[in-house]
Amino acid sequence: MPVGLLGIEGLERPEMEAILHRAKDFQPLQNQSFLRLDLLKGKMVVNLFFEASTRTRTSFEIAAKRLGADAISITASASSVSKGESLVDTLNTLAAMRPDAIIMRHSASGAPHFLARYLPTPIINAGDGTHEHPTQALLDARTILDQRESLEGLRVAIIGDIAHSRVARSNVYLLSKFGAKVVLCGPASLLPRELERIAPNVTLSNDMREAITGADVIMMLRVQLERQHEAAFPAGEYFQFYGLRPDHLLLAKPNAIVMHPGPINRGREISSEVADSQKSVILNQVENGIAVRMAVLERILCAQ
Amino acid sequence: MSILIKNGRVIDPWAKLDGIADVLIHDEVIAGVGLNIDEAGAQIFDASGLIVAPGFIDMHVHLREPGFEHAETIESGSRAAAAGGFTSICCMPNTAPVNDNATVTSYIIERARRYAVVNVFPIGAITKGSMGEQLAAIGSMKQAGIVAISDDGKPVMNARMMRRAMEFARSHRLPVIDHCEDLHLSAGGDMHEGLHSVRYGLRGIPACSEDVMVARDILLAEVTGAKFHVAHISSKHSVEMVAFAKARGLAVTCETTPHHFALSDDDMAPYDSNYKMKPPLRSVPHVSAVTAGIVSGAIDALATDHAPHPGSEKMQEFEQCPFGILGLETAIGIALDKLIHPGKISLRRMVELFTTGPAEILGLNRGSLAIGAPADVTIFDTDRQWTYDVNKSQSKSRNSPFHNQMFRGGPVATIVGGVFAWKLE
């Protein structure tokens, strides 16, 4: 079974350390628009996105191209899926094209795992349902490490619709494995109690002020309106109780940083002042996305 | 035609019999049970070292005919039943069209008469199309031959509708079988709501979605005096409530499936739809409570909820796959593996769960080896090691989590109406 990247839950710390370390080498490349490496010359990756995404898809595309690989993007609406082709058939067709890796985003949790059972091609999970988004957690870690010596002992508050967040899950697994203390915060209906047990050093809170107190990192999540089955919290109250405002930052550590996986909803989960402030590293996250994905692609495609 | 089953350990709970004996079948009925029966011209079946029991009854099977014959037919499902040691099966009405009138009931009975190798007793729908809005033609279906009513696959969400159905059923002497699930609480759920559903990022089906419905139906059964039966019970509180209802003298019964005492959500292979069914595989405390309910007698019957689905439907994203797994051919193996070999219940109790249990709930004149009773006999053993190969299943479908599982003991021969419907090769 060829190694792709399906999730953080099963990854060992040394593996992640290697990727984070290698990503540093790729960071300066962002400033050199004409420099390309040929590490992946002759390789072809397919971006298979069954869900809307501009930033992640282009991030992977750029990462592949900067390494000299060919990248093809297929979005669901343009493909046969809208004609009723099943998931297995779509992938059988792709596998016949023999890509060196498939980067896949899908709205169903476990979709890449399902395919990995039947396809020999390495699959990189670019987000599956509400399950995991491994490269997001890696780029988040890289961003924190750009500001801090290590993740060990850091207090990280992740705030928002945790129940439906693959970003939250992947971050919980990664941060916990690196010895950080994670506080998950959100409305009770979006914070199932079992989350406390998915990894060590995780606590839950419904009180945003309590979660942010003493935090080194404040990670805001987008409120996932398109994923919710039913209104799990009273409409119109969200920003009042779970939106990040400048006065909250006074509760955190003086050098705390503010993160968000994007795209941000100004005035919904984060105020414009905070999003545009010095403490926000949101744009660094985007830049690190390319560097981390380059490291991941190199690791997986050069291993073959 | 005579069959003489010799030297088996005959376990007939109805007759309170457990000992080595011969069983004589003449034409289509049981002609004698005793020691050293001699019958010239009879076909001899040597049952030394085997258990000889009244034909097992599976009161919860999906035969998919009419309408879903690509998944299973009455014929193929009956063959799977015989291969699992069952001589009688009750088929649920969620066919297409739904069995909500005498015409469909008669169709099923006629198809079974012609093509089934075991006895088939249809269960009729509670409401038209099982849509929960209007009562189905219960009276005429009873005349056509249904043995119970159920909207299985769905609950009856409207309490007033369920009350009327129970009143009606009582007057026609039909038990009401409910698939207990509050659809609002379970909305969108694909597996048990617990640690694993959170880990997998899948929406959960909480145990309380079963419990609130069981509680409601027990109270309605008390008000209406109906015979109420909980289908595929899986939750700790539900088992407790059924036991409580029985202690108060209510006509409440329940069944569970082999997979609900054999597997928990810890055992699920990630995103493998062979572990996806309703009610879902729950966490260990629930599985323990179900097992305890079998041991204590709170649970009256074992029924497989055999639910075939073709590969094309079960090979999709987990959340898209339909609910249900096969069960007929592995029921005895699992019961022996999880209940008998670990010494949790006696063989007599196991036989009850498959014979007198379902027979009494449905008022069927089956489940015993009484003289004159239909010659339905289940012969199984408790020792032979065998491996379940789903690809050799008699079913048209292949959706089982027990593929390649080893069992110790299983069905050996199945006799229906005095004829061998299946024999171990």
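The values are calculated or read from the model by the stated rules, or taken from the named source; none is laboratory data. Every value quoted in this text rests on a predicted model; they were computed, and no experiment measured them. Every residue, glycine as well, gets a Cβ built from its backbone with ideal geometry; the counts of neighbours run over all protein chains shown. Quick note on the areas: whole protein, heavy atoms, side chains included, nothing else; ligands and nucleic acids left out. Shrake-Rupley method; radii C 1.70, N 1.55, O 1.52, S 1.80 Å.
For the protein assembly as shown, the carbon plus sulfur part of the accessible surface works out to 52%, probe radius 1.4 Å. Other residues within the sphere of radius under 14 Å centred on the Cβ of B:E222, judged by their own Cβ, net out at +4 (K and R +1, D and E -1). Of all lysines in the structure, those lying under 30 Å Cα to Cα from B:K6, and not within fewer than 8 positions of it along the same chain, are B:K16, B:K338, B:K344, B:K392, B:K423. Within a straight-line Cα-Cα reach of under 28 Å, A:K41 can be paired with the following lysines, leaving aside sequence neighbours fewer than 8 residues apart in one chain: A:K24, A:K65. Other protein chain C-beta atoms within 10 Å of residue C-beta, averaged over B:311-317: 5. The residue among B:I146, A:M104, A:Y118 whose Cα reaches farthest toward the positive pole of the charge dipole of the protein assembly as shown, with charges on the beta-carbon of Lys, Arg, Asp and Glu, is A:M104.
Pairwise Cα separations in chain B fall into 20 Å bins from 0 onward with the following percentages, short to long: 28, 60, 11, 0.
Helix B:236-247 and the longest principal axis of the C-alpha atoms of chain B enclose an angle of approximately 70°. What shape does segment B:377-425 have by the C-alpha gyration tensor, where a ≥ b ≥ c are the square roots of the eigenvalues, rounded means a/c under 1.5, and otherwise prolate means a/b greater than b/c and oblate the rest? Oblate is the answer for segment B:377-425, as a/c is 1.5 or above yet b/c matches or exceeds a/b. Distance between the 7 Å Cα→Cβ label points at B:H403 and A:K65: 4.2 nm.
Whole number please: convex hull volume per residue of the Cα set in the protein assembly as shown, in Å³?
For the protein assembly as shown, the hull spanned by Cα atoms encloses 167 Å³ per residue.
What stretch of chain A, leaving out the sites themselves, is the longest with no GluC sites (Glu not before Pro) in a DSSP loop having at most 11 other Cβ atoms within 10 Å?
Counting at most 11 other Cβ atoms within 10 Å as exposed, the longest clean stretch of chain A is A:13-148.
If you take all other residues with their beta carbon under 15 Å from the beta carbon of B:S346, and give Lys and Arg +1 and Asp and Glu -1, the sum is +3. Helix B:284-296 and the long axis of chain B differ in direction by around 40°, with both axes built from C-alpha atoms. Under the shape rule built on the C-alpha gyration tensor, where the axes satisfy a ≥ b ≥ c, segment A:156-266 is oblate, since a/c reaches at least 1.5 while a/b does not exceed b/c. Rolling a 1.4 angstrom probe over the protein heavy atoms with all chains in place gives chain A an accessible area of 42 Å² per residue.
Around the amide H of A:A108, modelled in the peptide plane, lie the amide H atoms of A:G129, all under 5 Å away and 5 or more residues distant in sequence or on another chain. Under the combined filter of DSSP loop state and at most 12 neighbouring Cβ atoms within 10 Å, segment B:181-289 retains these trypsin sites (Lys or Arg not before Pro): B:R248.
With a cut-off of 10 Å between beta carbons, the residues surrounding A:A157 carry a summed charge of 0, where Lys and Arg count +1 and Asp and Glu -1. Were the residues from A:R209 through A:K279 laid out at 0.36 nm apart, the gain over their Cα-Cα distance would be 23.4 nm. When +1 charges are put on Lys and Arg Cβ atoms and -1 charges on Asp and Glu Cβ atoms, the dipole computed for segment A:40-158 relative to its Cα centre reaches about 260 debye.
Put a plus charge on the Cβ of each Lys and Arg, a minus charge on the Cβ of each Asp and Glu, and nothing anywhere else: the dipole of chain A about its Cα centre is then about 440 debye.
Expressed as a rounded percentage, what relative contact order does chain A have, with Cα pairs under 8 Å and six or more residues apart?
Taking the mean separation of contacting Cα pairs over the length of chain A, I get 20 percent.
Separation of segment B:133-161 from segment B:32-89 is 28 Å, based on Cα centroids. Run the paramagnetic zone check for A:K253: 7 angstrom along Cα to Cβ, then residues of segment A:172-202 with backbone nitrogen under 12 Å. Correct set: A:180-181. When only the Cβ of Lys, Arg, Asp and Glu is charged (+1, +1, -1, -1), the dipole of segment A:166-216 relative to its Cα centre reaches about 200 debye.
Ignoring ligands, DNA and RNA and using a 1.4 Å probe, state the total buried accessible area between A and B in Å², rounded to the nearest 100. Spell out each step's value before the answer.
Working: alone 13470 and 15980 Å², together 27740 Å².
Approximately 1700 Å² gets buried when A meets B.
Here the calculated FRET efficiency for A:R22 and B:H237, from their Cβ-Cβ distance with R0 = 60 Å, stands at 0.70, rounded to the nearest 0.05. The H on the amide N of B:S400, modeled in the peptide plane, is under 5 Å from the matching H of B:L326, each at least 5 residues off or on a different chain. Applying the criteria of a DSSP loop state and at most 15 other Cβ atoms within 10 Å to the trypsin sites (Lys or Arg not before Pro) of segment B:1-49 yields B:K16. Phi angles across segment B:383-395 convert, under the Karplus curve 6.51 cos²θ - 1.76 cosθ + 1.60 with θ = phi - 60°, into 3J(HN,Hα) values of 10, 5, 7, 8, 10, 7, 10, 5, 6, 9, 5, 6, 6 Hz, Gly and Pro given as x. Close amide H pairs (under 5 Å, H built 1.01 Å from N) link B:T127 with B:G132, B:A136, residues at least 5 positions away or on another chain.
Multiplying the residue separation of B:S346 and B:K16 by 0.36 nm and subtracting their alpha-carbon distance yields 117.5 nm.
With both partners inside the protein assembly as shown, how many of the DSSP beta bridges are antiparallel, as a percent to the nearest 5? Bridges in the protein assembly as shown are about 35 percent antiparallel. In chain B, the longest principal axis of the Cα atoms and the axis of helix B:159-171 are about 30 degrees apart. For segment B:256-403, the per residue solvent-accessible surface stands at 31 Å², with DNA, RNA and ligands left out and a 1.4 Å probe.
Give the calculated FRET efficiency between B:D272 and B:N158 to the nearest 0.05, with a Förster radius of 30 Å applied to their Cβ-Cβ distance.
Calculated transfer efficiency: 0.30.
Our coupling estimate for segment B:203-218, obtained by passing each phi through the Karplus curve with A = 6.51, B = -1.76, C = 1.60 and θ = phi - 60°, is 5, x, 10, x, 4, 5, 5, 7, 4, 5, 6, 4, 4, 4, 5, 4 Hz, Gly and Pro reported as x. Considering segment B:314-382 at the alpha-carbon level, its Rg and Dmax are found to be 16.3, 53 Å.
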